[in-house]
Amino acid sequence: MEDRNENIEYFAHETAIIDDGCKIASGTKIWHFTHIMKDCQIGKGCNLGQNVVISPQVVLGQNVKVQNNVSIYTGVVCEDDVFLGPSMVFTNVINPRSAVNRRDQYMRTVVKKGASIGANATIVCGNDIGEYALIGAGAVVTKEVPNFALLVGNPAKQIGWVSEYGHRLEFDVNGKAICPESKEEYLLINETVSKVNE
């Protein structure tokens, strides 16, 4: 990654604000009225929509897509290929109070590779989102999310499993399912989904 003042290879709209100490990799696009705060790390090929706030020390992997009106708070890590839908919300303190400073109590939340979080969903801090999980629009996540899980509702409940391509998986009696788009095979064993290696 390149420091913001060295060899800049990313695009930032003229209304964007990028604080000192950020590392932003090539191919990233930062759109209108977005604020990247100090000491953030943003990987290659990310796209940050309008009115996005990236708080200090946030880490985004490669190819992370952040839609309009999303704030990513200190303590959040998004791995590669994460999608954050419009106006979705992270928190970083479990019991916030205006009169009590809890900056030393920010909780870590990891959104793992390939996961997608729908529009207006809320992720309560400290609950990691598994690889390729899909969180439905408006869901409120209050617990850990397994890899490939499909969650909807408030509070969010798991209603099934999805493939890496985001399609609902229908498992047969042997615990096997095929993604209708990629044709890749998945196994469900003891409430854990894995992709069959080729």
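The values are calculated or read from the model by the stated rules, or taken from the named source; none is laboratory data. Nothing here was measured: the structure is a model prediction, and the numbers come from that model. Cβ: placed from backbone, ideal geometry, glycine included. Neighbour counts: every protein chain shown.
Only one of these conditions is not met by residue 196: (1) exposed (fewer than 15 other Cβ atoms within 10 Å of the Cβ); (2) under 23 Å from residue 58 (Cβ atoms). Which number is it?
Among (1) exposed (fewer than 15 other Cβ atoms within 10 Å of the Cβ); (2) under 23 Å from residue 58 (Cβ atoms), the lone unmet condition for residue 196 is (2).
In the stretch 62-94, how many are in a strand (DSSP E or B), closer than 18 Å to residue 130 by Cα and not charged (D, E, K, R)?
9
Does residue 144 qualify as being within 19 Å of residue 78 (Cβ to Cβ), surrounded by fewer than 13 Cβ atoms within 10 Å (Cβ to Cβ) and modelled with pLDDT of 95 or more?
In short, yes.
Surrounded by 17 or more Cβ atoms within 10 Å (Cβ to Cβ), in contact with a strand residue (DSSP E or B) (Cβ under 6 Å, 6 or more places away or on another chain) and closer than 27 Å to residue 70 by Cβ - does that describe any residue in the stretch 166-175?
No - not one qualifying residue is present in the stretch 166-175.
Where residues in the stretch 81-117 are loosely packed, with under 12 Cβ neighbours inside 10 Å and among the charged types (D, E, K, R), which of them is farthest from the chain's Cα centre (by Cα)?
The residue in question is 97.
Just checking, which of 181, 164 is in contact with a Phe, Trp or Tyr (Cβ under 6 Å, 6 or more places away or on another chain), outside any strand (DSSP E or B), more than 26 Å from residue 43 (Cα to Cα) and modelled with pLDDT of 95 or more?
Going through 181, 164 in turn, the sole match is 181.
Tell me whether the stretch 135-142 contains one or more residues that are without any contact (Cβ under 8 Å) to a residue 12 or more places away in the chain and not in a strand (DSSP E or B).
So far as the stretch 135-142 goes, no, none of its residues is without any contact (Cβ under 8 Å) to a residue 12 or more places away in the chain and not in a strand (DSSP E or B).
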